[in-house]
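Everything below concerns the one structure shown next.
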């Protein structure tokens, strides 16, 4: 067995999409979007998202680029609500499971403790989260993604220890202290 220093299926640099390469250099805190209920219509689902921004105002908005093929989009459109939670360094395995790049026997929701909120499942131990409501009935396409424009209905901010940051295809270890 050989262990590679780079991803074994990554195309050569000159064959990679330049817009995607530009976006990867921006980096961002990894959020986990969850929707659905354990005891209601639809089903619980989630997706890690680092292509998002928060627009201040009254009301505030969260704008995110979501994978149109993800289970999250269907449930978000159906329920119109979601929980946007900011992940910490300790949540790397959970982020990979919800991103579909790591196995999660029994499902990704088995990898954490959850509380049901009126917006969807909330992971215990996150540093900040928001309950959001989708604005558009059908999110518009933007590039290969869907643009989810959500109104912020509630926010809780706790202490942040070590944010999970994704840049250039990898998680970045936060500085000590």
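Miscellaneous remarks
- Condition met for residue 174 (outside any strand (DSSP E or B) and farther than 30 Å from residue 57 by Cβ): no
- Screening the candidates 112, 46, 60, 120 for the property of being closer than 27 Å to residue 161 by Cα, over 12 Å from the mean Cα position of the chain (by Cα) and surrounded by 21 or more Cβ atoms within 10 Å (Cβ to Cβ) yields one hit, 120.
- Looking across region 140-151, the residues that are surrounded by 19 or more Cβ atoms within 10 Å (Cβ to Cβ) and under 17 Å from residue 83 (Cα atoms) come down to 148, 150.
- Cβ pairs under 9 Å, 6+ apart, first in region 36-47 and under 12 Å from residue 76 (Cα atoms), second surrounded by 14 or more Cβ atoms within 10 Å (Cβ to Cβ) and modelled with pLDDT under 70: 36/42
Residue-by-condition table, conditions (1) closer than 30 Å to residue 175 by Cα; (2) surrounded by 18 or more Cβ atoms within 10 Å (Cβ to Cβ):
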site	(1), (2)
81	no, yes
87	yes, yes
108	yes, yes
129	yes, yes
136	no, no
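- Region 152-177, subset under 26 Å from residue 71 (Cα atoms) and modelled with pLDDT under 85, residue surrounded by the most Cβ atoms within 10 Å (Cβ to Cβ): 167
- Hits in region 89-106 (condition: free of Cβ contacts under 8 Å to residues at least 40 places away in the same chain and more than 20 Å from residue 174 (Cα to Cα)): 97, 100, 101, 102, 103, 104, 105, 106
- Long-range neighbours under 6 Å by Cβ, at least six apart or interchain, first residue at negative phi and touching a residue at least 12 places away in the same chain (Cβ under 8 Å) within region 123-136, second buried (at least 21 other Cβ atoms within 10 Å of the Cβ) and assigned to a loop (DSSP other than H, G, I, E, B): 131/119
- For region 89-106, filtered to residues that are closer than 18 Å to residue 36 by Cβ and touching a helix residue (DSSP H, G or I) at 6+ places or on another chain (Cβ under 8 Å), the residue that is surrounded by the most Cβ atoms within 10 Å (Cβ to Cβ) is 98.
The values are calculated or read from the model by the stated rules, or taken from the named source; none is laboratory data. No experiment lies behind these values; they were computed from the predicted model shown. With ideal geometry, Cβ positions are generated from the backbone for all residues, glycine too; neighbour counts draw on all protein chains shown.
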